[in-house]
1. If B:Ile378 satisfies every condition in (1) more than 11 Å from chain A (Cβ to nearest Cβ); (2) part of a loop (DSSP other than H, G, I, E, B); (3) more than 17 Å from B:Ala262 (Cβ to Cβ); (4) at pLDDT 95 or above but one, which is the exception?
2. Checking A:Lys425 against (1) surrounded by fewer than 20 Cβ atoms within 10 Å (Cβ to Cβ); (2) in a helix (DSSP H, G or I); (3) more than 13 Å from chain B (Cβ to nearest Cβ), only one condition comes out false. Which one?
3. Among (1) more than 13 Å from chain A (Cβ to nearest Cβ); (2) surrounded by fewer than 24 Cβ atoms within 10 Å (Cβ to Cβ), there is one condition B:Pro258 misses while meeting the rest; what is its number?
4. Every residue in the range B:125-136 that is buried (at least 19 other Cβ atoms within 10 Å of the Cβ) and more than 16 Å from the chain's Cα centre (by Cα), please.
5. I'm checking my understanding of the structure. Among residues of the range A:294-337 that are within 22 Å of A:Ala178 (Cβ to Cβ) and in contact with a Pro (Cβ under 8 Å, 6 or more places away or on another chain), which one is surrounded by the most Cβ atoms within 10 Å (Cβ to Cβ)?
6. Here are some residues: B:Asp120, B:Asp156. Which one is free of Cβ contacts under 8 Å to residues at least 60 places away in the same chain and surrounded by fewer than 21 Cβ atoms within 10 Å (Cβ to Cβ)?
7. Of a type in the set (Lys, Arg), more than 17 Å from B:Glu273 (Cα to Cα) and at pLDDT below 95: is that true of B:Lys327 in this structure?
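The values are calculated or read from the model by the stated rules, or taken from the named source; none is laboratory data. Here the structure is a predicted model, which is why all the values come from computation and not from measurement. All Cβ positions, even for glycine, are placed from backbone atoms using ideal geometry, and neighbour counts span all protein chains on display.
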Amino acid sequence: MPSPRPSQRGVATYRRHLMGGALAVLNKIAQSRVIDRFGIRKPTERVVFEATKTGFRTVGAVSRRFTRKPSSAAPARLHNRTNDLFDLTPTDDQEMIVGVVREFARDVVRPGAEKADASCATPDDVLEQAQELGLTLLEVPEDAGGLGAERSMTTAVLVAEALAHGDMGTAVACLSPASVATALSLWGDGPQQQTYLPSFTGSEIPAAALAVAEPRPLFDPFRLETRAVRHDDGYVLNGTKSMVVRAADAELFVIAADLDGSGPALFLVESDGGGLEVEADPSMGLRAASLARVICTDVRLARHALLGDARPETYAECIRLGRLGWCALAVGTGQAVLDYVIPYVKERQAFGEPIAHRQSVAFMVANIGIELEGMRLATYRAAARAEQGKDYAREVGLARRLCTEHGMRIGTDGVQLLGGHGFVKEHPVERWYRDLRAIGVMEGGLLV
Amino acid sequence: MINLEPTKKMWAFVNQAHQVAAEFVRPLSRKYDLAEHAYPKELDMLASIVDGLGESGQGQGAGAKGVRRGDNGDDSGIRNGSNMASVLSIMEMCWGDVGLLLSMPRQGLGNSAIASVADDEQLERLDGVWAGMAITEPGCGSDSAAIQTTAEVDGDDYVINGEKIFVTAGDRCDAVVVWASLDRSKGRAAIKSFVVEKGTPGMRVERLDHKLGIRASDTATIVFDNCRVPRANLLGSPEVEGDQGFAGVMQTFDNTRPLVAAMAVGCGRAALEVTRDMLHDAGVEPDYDRPPHLQLGAAATYLAMEADWEAAYLLTLEAAWIADNGKPNSLQASMAKAKAARTANDVTLRCVELAGSVGYSEHELLEKWARDSKILDIFEGTQQIQQLITARRLLDLSSTELR
């Protein structure tokens, strides 16, 4: 049940502020079955998207009927927030939302991570529970059925960080539809929002993915080989996108393509419009996200498939907000490594004492802590600037550099500290090692 | 609400500090690097300006007022206060010159110690005194519990004997805060800090060191030979009471480490800015959006340096913010100093490399900053000591478990 919207025609009209938004999230959670289900329900049977199926191709998933709603109504947008104090305290609302996500990550995501990694899929019930937490609603304006009154990249970053503390691959699978909902909220025009957003604010959230990366070395997201050519009254799309999250199940894609040689733009592509093929692309890590390539062959799109105005600044924002999301995941997984190695090195004995008593070991732990905190602060700064409408290109670029470099260092030190035990799947550090290599490689996929 | 920009109320103050650094400090930088041990007479006027900044309400001069927590009784809401102002102003002054900042009258590290642990009577009596800090000895550095200098009670006085080295501003200051043991058989618990004013019989400045960097700042060896100071000059409690007392004197470092981190952030930024200008003149423009591997190596190197600098800057602000809000910041202070100091050293050295023979030459200040930055990873606790503290805190291990 979507929560009731305040009347816009009464004597006094109320806009839902973030407080109201948070209460609505809590209400939704309280009504949902997630709480009851934590760790109880068996994962439902599903066709797994196994590693052995590399090369297996399928046509795009059958999508629901997204019926275009022609409308002259203005699109709904979120406002910027402001604050004039250096402050690292989350708001009470953020505490509540992130608290619930953290529990979900601890009780559902982490216990299921090993299996999700092995089967290259996040179980449906985990995805459903994640959606019941309202993840797709956070960045959608309330006028469009979401929960937001103000933009809150910091909330989105905190949520992504908390989820990735459970498992990065699962977090990516859970957040992928939210990235498309956020893209529609940020750049969709009135008809696009009314056509697609109701699906993301309803009860059955479609799988959806933001596809930017392309499979070639030295990929530059600002120079795409996937091309959209103007044709008749629309576009024809050709090219291959890689690392597309849950592409086989996705009903709606936002695909980045070069528009007539004039630079990158974003297109809304429904999965069963013809011309799409999905090829499983199991990778080093993020396996729970069921990564795949999407091959577009003469995909015909209507004129209104163009998302946003094709201005370079819009596309740059998409890339930056995506990178910010990956930074948040790196911070969450980095924290998972730190939290795991601390008790391990205090218990593991060598030469008659815990290895934590040796400086060479202890200093590695210290450096994980130091660099992780730096990554976190740089990520928060970028997010806070973004939500306040300030320039944040520099901050995202630097945060990404830190999270790529030190995130991977944390991943490799996590394995190193466990020695041979870190190399085997008895411990999660080898998975975190594989996942953390994605930071700095991945483009798109997320949007905070 | 999460926001990592310091309050706009500080901008005017920080901007003033920047003007002082740009117009006053930086232009003197090379002069006193070359004229080691010459007293920078311009600093007397500058000190008055800095005192004025401190009096203007917002500012805390160069940070020597130390950290006094929970003393203004207002617990309502989040504060950006004196600690934040201190680190921000130190960043600006050290963007100008680290050595000259360390030579700023009445802004010594000893002043931080006094401000942090002195009682109200001492605070009043020592107001306006320029105080250096004398801890290190020829036989001990990081292991400050091993100091040999003694302070014996004799009537109403303490009699101090020993030799202290590496006393920053030791020649120019009005007084030094000396660490000495009341009873060497009782270990670290007996270590106390004493204020010894210049001119006290039995105290003499033995010599000044010639150094790799921060040459504008004098570094002295001071000998105490039956040097008699009144009992009232002991800072903190005179009781030898287990490890508590030593923890008290060590706490001074929680307060000075964010300041040293801020020095590193300022010095690193100076090098980054000059290097960026040089890259620009050479036709290289680092791009925050493009993948670094698609940019020139110099641009990618620059971006990697700026990223680490950003982490250092934010960790320093975090440590100050925690102190401003009345919470213990020992972990964050050590993290900030570890990250900022190693980053400043790495950044300044790599900037010299990028700038080539121009960077290596005395024509520019890059080579000087690369020399200055090294001390920041050593004094007030070396890189290794910061890592040790960070590790003990994260692992919850004692100093006997993790040595």
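1. Condition (3) is where B:Ile378 drops out.
2. (2)
3. (2)
4. The answer is B:Leu126, and nothing else.
5. Among those that are within 22 Å of A:Ala178 (Cβ to Cβ) and in contact with a Pro (Cβ under 8 Å, 6 or more places away or on another chain), it is A:Ala336.
6. B:Asp120
7. So B:Lys327 passes the test.
Every residue, every condition in (1) modelled with pLDDT of 90 or more; (2) of a type in the set (A, V, I, L, M, F, W, C), yes or no:
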| site | (1), (2) |
| --- | --- |
| B:Pro6 | yes, no |
| B:Ala12 | no, yes |
| B:Val50 | no, yes |
| B:Gly54 | no, no |
| B:Gly61 | no, no |
| B:Ala64 | no, yes |
| B:Gly77 | no, no |
| B:Ser86 | yes, no |
| B:Gly99 | yes, no |
